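**Student:** Below is one structure. I have some questions about it.
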Amino acid sequence: MFTEDSPIYQQLATQIADDVVAGTYPEDAAVPSSNEFATFLHMNPATAGKALNVLVEQGILYKKRGVGMFVSPGARSQLLKQRRTDFPQQYVRPLIREARAVGIDPVELAEMIKEEYTP
């Protein structure tokens with residue numbers, strides 16, 4: 001599940017955020033504790049805790065003292081908004097750069113995207 005590309009806590013935070021976007025963890029739903037993540041993923045509980053705290057700092061999760069971590073109201077829409085903002089930088093620009101490098105013109109690229117996008 002984890003790669004060497006970035007710290008494990010960041011990868012876990014991204015996976016939890018992906019699960020919020022996918023609806024696995026809806027608003028106000030509890031997420032597993034750092035100990036539960038640590039046991040299930042065979043990692044240090046401090047690493048799992050750091051991932052959860054990153055999401056708390058971003059407003060994606062909130063803590064209920066003595067109860068656990070929960071998905072914040074509006075977390076999914078916040079994540080979607082951020083992903084839409086980041087989309088050109090992360091995906092479109094690299095795609096266009098590679099298309100130019102291999103000689104694909106904009107019309108051909110648009111057609112490729114249209115073909116892949118259509119079910």
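**Student:** Amide H of Leu61: which non-local residues (sequence gap of 5 or more, or other chain) have their own amide H closer than 5 Å, using H built in the peptide plane?
**Tutor:** Result for Leu61 returns Val56, Ser72.
**Student:** In nm, to one decimal, how far is the modelled label at Thr14 from the one at Val107, with both set 7 Å along Cα→Cβ?
**Tutor:** Distance between the two pseudo-spin positions: 3.7 nm.
**Student:** Report the percentage of all Cα-Cα pairs in the chain whose separation exceeds 23 Å, rounded to a whole percent. Don't jump to the answer; show the numbers that get you there.
**Tutor:** Values: 3121 of 7021 pairs.
Counting pairs separated by more than 23 Å, the tail of P(r) holds 44 percent.
**Student:** Can you give the angle from 0 to 90° between the axis of helix 45-57 and the longest principal axis of the chain, with both taken from C-alpha atoms, to the nearest 10?
**Tutor:** 70 degrees
**Student:** For Gln11, what is the net charge nearby, where nearby means another residue's Cβ is under 14 Å from its Cβ and Lys, Arg count +1, Asp, Glu -1? Intermediate results must be reported in sequence, preceding the final value.
**Tutor:** On the way: positive: Lys50; negative: Glu4, Asp5, Asp18, Asp19.
Result for the local shell: -3.
**Student:** Note down the relative contact order for the chain as a percent, whole number, built from C-alpha pairs under 8 angstrom at least six residues apart.
**Tutor:** Values: 96 pairs, mean separation 26.9, N = 119.
It rounds to 23 percent for the chain.
**Student:** With each label point set 7 Å from Cα along the Cα-Cβ vector, what nm distance links Asn35 and Gln89?
**Tutor:** 3.8 nm
**Student:** Between helix 75-87 and the chain, what is the angle of the helix's C-alpha long axis to the longest principal axis, kept within 0 to 90° and rounded to the nearest 10?
**Tutor:** Tilt of helix 75-87: around 30 degrees.
**Student:** For the chain, find the longest principal axis of its Cα atoms and tell me its angle to the long axis of helix 106-117, 0 to 90°, nearest 10.
**Tutor:** 50 degrees
**Student:** For a protection proxy built on the mean count of beta-carbon atoms within 10 angstrom, sort 80-90, 16-26, 63-73, 48-58 highest first, please.
**Tutor:** With the highest mean Cβ count within 10 Å placed first, the list reads 48-58, 16-26, 63-73, 80-90.
**Student:** Determine Rg/Rh for the stretch 1-45; Rg is computed over alpha-carbon atoms and Rh is the Kirkwood hydrodynamic estimate from the same atoms. Mind dumping the intermediate values first?
**Tutor:** Values: Rg = 11.1 Å, Rh = 11.3 Å.
Checking Rg against Rh, the ratio lands at 0.98.
Readers should treat all values here as calculations from the given coordinates under stated rules, not as data from a laboratory. Only a predicted model underlies this, so the values are computations on that prediction, with no experimental measurement involved. Quick reminder, even Gly has a Cβ in these numbers, built from the backbone with ideal geometry, and neighbours come from all protein chains shown.
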